[in-house]
Structure formats: structure tokens, C-alpha cells
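Please see the structure below; I have some questions.
The values are calculated or read from the model by the stated rules, or taken from the named source; none is laboratory data. Quick caveat, the model's predicted, so the values are computed rather than measured. Note that we place each Cβ from the backbone using ideal geometry, even for glycine, and neighbour counts take in every protein chain shown. Heavy atoms of the whole protein, side chains included, go into the accessibility calculation; ligands, DNA and RNA do not. Shrake-Rupley method; radii C 1.70, N 1.55, O 1.52, S 1.80 Å.
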Amino acid sequence: QVQLVESGGGLVQPGGSLRLSCAASGRIFRFNGMAWYRQVPGKQRELVATISLLGRTNYTDSVKGRFTISRDNAKNTLYLQMNSLKPEDTADYYCNRVPAPGATIGSLQYWGQGTQVLVSS
């Protein structure tokens, strides 16, 4: 059974920091690159950051230099350190595996409940 449990969201002022965590089942974590996604109500879910099995990372342009994705393979846990937060980072954040080559986010069937991040003064 696939389990994805996100945590660490909350209300933070602009310029602040948060660290998100994602506890994943070994079935999904041990054999896949992992990613953080975010979604604003009324908009499509977007890819924020990815990390390969060997630790190679990629980021969407809007978060480069501010967010850091990491993984602890011993704990099956994914992290997202978010610094210098901006109001436009406000969204529900989700973790999941990276889609298969050529596939889209829509191909991912199982999602956790997400964790809400609100950046506001």
C-alpha cells in the first residue's frame, strides 16, 4: 500500500522559513526519484523540486536558490527546506514520486493529504 504523509506546513511571514517532511512507504520511496508538488485552489498541481535516487536535484525556476529538497533513504523520508518565503509560495504542498519518463503529473494515482503553507503578514 502506498503511503504519503506530508507535514510541516503552517503560517509564516514573508521572508520566513519552513521545513516540510514527507513520510513515504518504502514501496514508493526506495525505487523512485521523489518530488515535491504544490497546488493553489483552482489551478493545476505543479512540480516544485525533484531528487533522484542518487541525490541529484532540480527545481522550478521560481524556487531556485530558496528551496532545498533532500531525502533520507534510511527513514524513507523526503524533505523540503523553504527559505525566503514569498506570498506566491502559498499553496498546498504534496510529495510523490517523479512521473515515469514521458508521463505527466496526472499519471500519479496516489496522493497524500498534503500540508498547507500560507505566507502572509
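Does residue 79 meet the test of being of a type outside the set (Lys, Arg) and touching a Ser or Thr at 6+ places or on another chain (Cβ under 7 Å)? Break it down stepwise before answering.
Values: of a type outside the set (Lys, Arg): yes; touching a Ser or Thr at 6+ places or on another chain (Cβ under 7 Å): yes.
It is true that residue 79 is of a type outside the set (Lys, Arg) and touching a Ser or Thr at 6+ places or on another chain (Cβ under 7 Å).
Contact list please: Cβ distance under 9 Å, first residue in the range 61-74 and farther than 11 Å from residue 48 by Cβ, second residue open to solvent by 70 Å² or more (accessible area, probe 1.4 Å) and part of a loop (DSSP other than H, G, I, E, B), pairs at least six apart or on different chains.
Every condition considered, the pairs that remain are 71/53; 73/30; 73/53.
Sticking with this one: Any residue at all in the range 89-98 that's more than 20 Å from residue 18 (Cα to Cα) and either of a type in the set (A, V, I, L, M) or surrounded by fewer than 14 Cβ atoms within 10 Å (Cβ to Cβ) (or both)? Talk me through it step by step, then tell me what you get.
Initially, the range 89-98 is screened for residues more than 20 Å from residue 18 (Cα to Cα), giving 97-98.
Filter once more, so that each one left must be either of a type in the set (A, V, I, L, M) or surrounded by fewer than 14 Cβ atoms within 10 Å (Cβ to Cβ) (or both): 98.
The answer is yes; a qualifying residue exists.
I would also like to ask the following. Output yes when any residue across the range 10-20 is open to solvent by less than 40 Å² (accessible area, probe 1.4 Å) and closer than 19 Å to residue 111 by Cα, and no when none is.
Within the range 10-20, one or more residues are open to solvent by less than 40 Å² (accessible area, probe 1.4 Å) and closer than 19 Å to residue 111 by Cα.
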